[in-house]
1. Here are some conditions: (1) surrounded by 16 or more Cβ atoms within 10 Å (Cβ to Cβ); (2) part of a helix (DSSP H, G or I); (3) near ligand 1 (Cβ under 10 Å from one of its atoms). R74 meets all but one. Which one does it not meet?
2. If you check every pair at least six apart or on different chains, which have Cβ atoms under 9 Å apart with a residue in the stretch 139-160 that is near ligand 2 (Cβ under 7 Å from one of its atoms) first and a residue that is polar (S, T, N, Q) second?
3. Filter the stretch 148-166 for residues that are more than 10 Å from ligand 1 (Cβ to nearest atom) and either of a type in the set (S, T, Y) or more than 18 Å from A23 (Cα to Cα) (or both); which is least open to solvent (accessible area, probe 1.4 Å)?
4. Any residue that is more than 27 Å from W28 (Cβ to Cβ), open to solvent by 60 Å² or more (accessible area, probe 1.4 Å) and assigned to a helix (DSSP H, G or I) - is there at least one of those in the stretch 132-147?
5. Please verify whether R63 is open to solvent by less than 60 Å² (accessible area, probe 1.4 Å), near ligand 1 (Cβ under 8 Å from one of its atoms) and not hydroxyl-bearing (S, T, Y), treating the condition exactly as stated.
6. Y105 passes all but one of (1) of a type in the set (S, T, Y); (2) over 23 Å from L26 (Cα atoms); (3) open to solvent by 80 Å² or more (accessible area, probe 1.4 Å); which number fails?
Amino acid sequence: MSSLNDSAQRYGVVSRVLHWAMAALLLWQFLTVLAPEDSALETLIGGTHKSVGLLLMVLVVIRLAWALYNRGRRPAALSRAASLGHRVLYALMLVIPLLALMRQYGSGRAFEAFGMTIMSGFEGGKIEWMIAPASLLHGNLGQLLLVLIVGHVVMAFVHRRQGDVDVLGRMLGRSS
Ligand code: HEM
Ligand code: HEM
């Protein structure tokens, strides 16, 4: 099943599903924080930020492993800037939920997601060093990620066709 894997011409099914599923979940994730207070949207999805964030954390670990496994047979990056940009997106997708989950643990409070107990919480004081990094960086890096994603989408359309390469097509499953 070669189409599961990436090739020089296009991303395979697994990479594409991970890319578009995470794009949709990230959109959801940003809507949970951008929804105006007390709006219908906030009532509907406001309480899902931590659970969806945990899901994104799991997905990015799988995606990183898949990217490493497919290294050497992925479509070539258009430029050094594109390749660097994708690395920064990966780094932020990993660090942002990681810091938040560390803060969640350090708070000592129980954490449940999708009906499962993820952290059972503990008695006694909070663990300050686990809390401080997220309090400093989680929101700011989250906003930076949003800005970079907007740039990424703009560049995808700018480069939609680059010479012979159908850049958008290779993430949509069309061979170029
Ligand atoms: C919402 C969050 C998004 C993130 C975090 C993201 C991240 C990435 C990353 C890391 C890659 C490198 C390949 C990979 O490892 O998957 C990539 C490729 C790509 N993305 Fe996105 N993406 C997002 C949304 C979008 C959207 C909405 C579009 C379309 C308009 C898009 C178009 C593309 C295209 C065309 C490529 C392939 C680039 C190439 O072949 O050189 N992405 N994206
Ligand atoms: C990729 C995953 C995630 C993204 C992109 C993300 C993004 C964001 C953004 C943009 C904000 C708002 C910052 C502001 O108000 O200016 C925020 C706040 C927050 N997030 Fe996340 N988040 C993610 C995962 C998580 C996870 C897994 C948790 C907890 C388990 C979490 C807990 C919180 C909390 C408690 C706040 C409010 C306090 C703060 O701003 O640090 N987030 N997040």
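1. (2)
2. Pairs that qualify, where the first residue is near ligand 2 (Cβ under 7 Å from one of its atoms) and the partner is polar (S, T, N, Q), are G142/Q29.
3. G163
4. no
5. Against the criterion (open to solvent by less than 60 Å² (accessible area, probe 1.4 Å), near ligand 1 (Cβ under 8 Å from one of its atoms) and not hydroxyl-bearing (S, T, Y)), R63 qualifies.
6. (2)
The values are calculated or read from the model by the stated rules, or taken from the named source; none is laboratory data. No experiment lies behind these values; they were computed from the predicted model shown. Note that each Cβ is placed from the backbone with ideal geometry, even for glycine, and that neighbours are counted across all protein chains shown. These accessible areas exclude ligands, DNA and RNA; they are computed on the full protein's heavy atoms, side chains included. Shrake-Rupley method; radii C 1.70, N 1.55, O 1.52, S 1.80 Å.
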